[in-house]
Structure formats: structure tokens, C-alpha cells
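To start, the structure under review is shown below, and the notes come after it.
The values are calculated or read from the model by the stated rules, or taken from the named source; none is laboratory data. A quick note: this is a predicted structure, and the numbers were derived from the prediction, not measured. No Cβ is skipped: glycine too gets one built from the backbone with ideal geometry, and neighbour counts run over all protein chains shown.
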Amino acid sequence: MRYPAVAGAFYPADRARLAALLDQLMPAPATEMAAMGVLVPHAGYVYSGACAGAVWNAVAVPERVLLIGPNHTGRGAALAAAEESHWATPLGQLAVDRDLLEALAARLDLLRFDSRAHSAEHCLEVQLPFIQRRRPDVRIAPLVLGVTAAPTLRAIGRALAEVIESCPEPRPLIAVSTDMTHYESAEVAREKDRAALDCLEALDGEALARVVRQRGISMCGAAGAVVALEALRIVGARSGKTLGYTHSGEVTGDDSEVVAYAGMVFC
């Protein structure tokens, strides 16, 4: 069992309080967009919960969700799959889709099943209550990565596409967890992030990697986004749509140094 690392900090640890907050962030009626992928932020819910909730409330959540995020802690393997059979949140347990992860591992020598990479990592954990509230019987396939080399990211994306295409309908949803620009003014963050969002909306992973590098965009999940864009393009997605963009200054009132958040769907 993988137990919560940031319950009580990033989101309520109390089941009833968490459920009530999620219902505020995802007010009924939920729409059922047939998305192939999503991009969601992973800060504390007070900062990015509304942005994440808008995305999770907009899509039809299938039985299987593959989550990709950055390894903030630096622990464990460079590409790490969840080792535990279940992950817990205050809302209950979620089953890990071992079959999906094994299929990916069969195509990627780099992939390791490594609990160290996930035990203290928050980027995927904060998505789980949203997913559970929408689809209690969901199975999750959590991946975190610390690798950034472009050829490796493309190879991971191609392997992921092969696995997705081998699955019966409805196919697994690819969920990328990332925040956008960190610790710049709101104005600078918005300008930089617009360039990144243009690449994301065009499903252009190579352009995203180039823009992030050339513009110095501190998008923590950029590598995972490049992986996802490669896979989504192969499996037939045509474009991305930005559903929301916000930053921490809208909560703190201080626009001088913010962390920015975006929510997107890919169809």
C-alpha cells in the first residue's frame, strides 16, 4: 500500500471535508468530453484545485488512467512505475493497473518498479481524489520521471502509444501532472507560459522542449508533457484545448513572484 504523503497539507486529510471540497471544485453536472489526455496542475488545492477540478470535471474518466509526472524528490529510478498494488487517499483505496505498467516495462528497459520514487512525491497523489470522486472504480498506472534527454522522451512516448493502442476501448486516459512557470512575476509567467501552451495545443513535443529550454520556462513536468504529446499524436489526438490558467498570486494577492497553473484536455 502506498499511503498519502501530502494529505493534510495539499488537501484535507479528513474524508468528509475532502469530499465536500471536491464537490465545490467539480460542481455538478459534470460534462463527459471524450478526451485522450489531460494536463493538470499539482499544487495545494487552495492554489490550483479549481484549475485541476475544471479539467477532471470536463472529461469522461475511463476505468484506466495512466498518470505521468516529474520526480521532484530525485529518489529512485529515472523512470519509475508504482510498485504497490494499491494507493490510498482519505477517500479510500485505488488499485494500481499492474498489467498496464508491465506492458510498458516490456517495451522500455529504462522503466523500473520503484516505490522510493513515489513514496514522498506529491504530483500524482494530488490528482487521485479528483479521479476517485469522478470514477471510484478507477485503476491507476502511476509513472514519475527524472530523465530529460529528448530521444529518450520520444522513445517513452512511442512505447506508451503502443501500449495504449493495444488496449480495448475505452482506452486509458493519459494524465500529465505539471505546474507552469515558477517564481517569476505574473506578467512574465503569463508571457512564457503562453509560448508553452501554444506548443501543447499543437501537440508539438519537440517545439515544447525547445521553447522551454530557450525561454527558460520552469515547467516542472515538461519532460512528462513531451512524452505524453508524442504518445497522444500517435494514438490520434488532434489538438489540445486550454480550459484554465491561473497563478498563486490570485490567492496571495502578490503578483511579484508566482507559480502558474494550467489545465488542458487533448482530443
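Only residues that are among the hydroxyl-bearing types (Ser, Thr, Tyr) and within 15 Å of the chain's Cα centre (by Cα): list them for the range 218-244, please.
Result: 242, single match.
Restricting attention to the range 137-181, and to residues there that are under 27 Å from residue 194 (Cβ atoms) and among the polar types (S, T, N, Q), which single residue is surrounded by the fewest Cβ atoms within 10 Å (Cβ to Cβ)?
Step by step, filter the range 137-181, then rank; the result is 148.
Residue 218 - would you say it is among the small types (Gly, Ala, Ser), modelled with pLDDT of 95 or more and touching a His at 6+ places or on another chain (Cβ under 7 Å)?
yes
Could you run through the range 111-136 and say how many residues are among the acidic types (Asp, Glu) and buried (at least 23 other Cβ atoms within 10 Å of the Cβ)?
So the answer is 2.
Taking only the range 218-248 into account, find how many residues are surrounded by fewer than 24 Cβ atoms within 10 Å (Cβ to Cβ), among the β-branched types (Val, Ile, Thr) and under 28 Å from residue 183 (Cα atoms).
2
Tally the residues that are assigned to a loop (DSSP other than H, G, I, E, B) and either over 30 Å from residue 210 (Cβ atoms) or among the charged types (D, E, K, R) (or both), restricting the search to the range 122-154.
The total comes to 4.
On the basis of being of a type outside the set (A, V, I, L, M, F, W, C) and over 17 Å from the mean Cα position of the chain (by Cα), does residue 162 make the cut?
Considered against the rule, which asks whether it is of a type outside the set (A, V, I, L, M, F, W, C) and over 17 Å from the mean Cα position of the chain (by Cα), residue 162 comes out as yes.
Here is a list: 79, 108, 66. Which entry is in contact with a Pro (Cβ under 7 Å, 6 or more places away or on another chain) and surrounded by 16 or more Cβ atoms within 10 Å (Cβ to Cβ)?
Step by step, each of 79, 108, 66 is checked, and only 66 is in contact with a Pro (Cβ under 7 Å, 6 or more places away or on another chain) and surrounded by 16 or more Cβ atoms within 10 Å (Cβ to Cβ).
From the list 125, 83, 121, pick out the single residue that is of a type in the set (Asp, Glu) and more than 16 Å from the chain's Cα centre (by Cα).
Exactly one residue qualifies, and that residue is 83.
Taking interchain pairs and intrachain pairs at least six residues apart, which have beta carbon atoms under 6 angstrom, with the first residue in the range 31-59 and under 15 Å from residue 132 (Cα atoms) and the second modelled with pLDDT under 95?
Between residues of the range 31-59 that are under 15 Å from residue 132 (Cα atoms) and residues that are modelled with pLDDT under 95, the close pairs are 57/30; 58/31; 58/33; 59/33.
Within the range 3-121, which helices (runs of 4 or more DSSP H) (wholly inside it) include 2 or more residues that are within 21 Å of residue 221 (Cα to Cα)?
45-56, 98-105, 116-119
With 207, 202, 189, 195 as the choices, which residue is more than 23 Å from residue 106 (Cβ to Cβ) and buried (at least 18 other Cβ atoms within 10 Å of the Cβ)?
189
Out of curiosity, is residue 256 among the hydroxyl-bearing types (Ser, Thr, Tyr), over 20 Å from residue 69 (Cβ atoms) and not in a helix (DSSP H, G or I)?
yes
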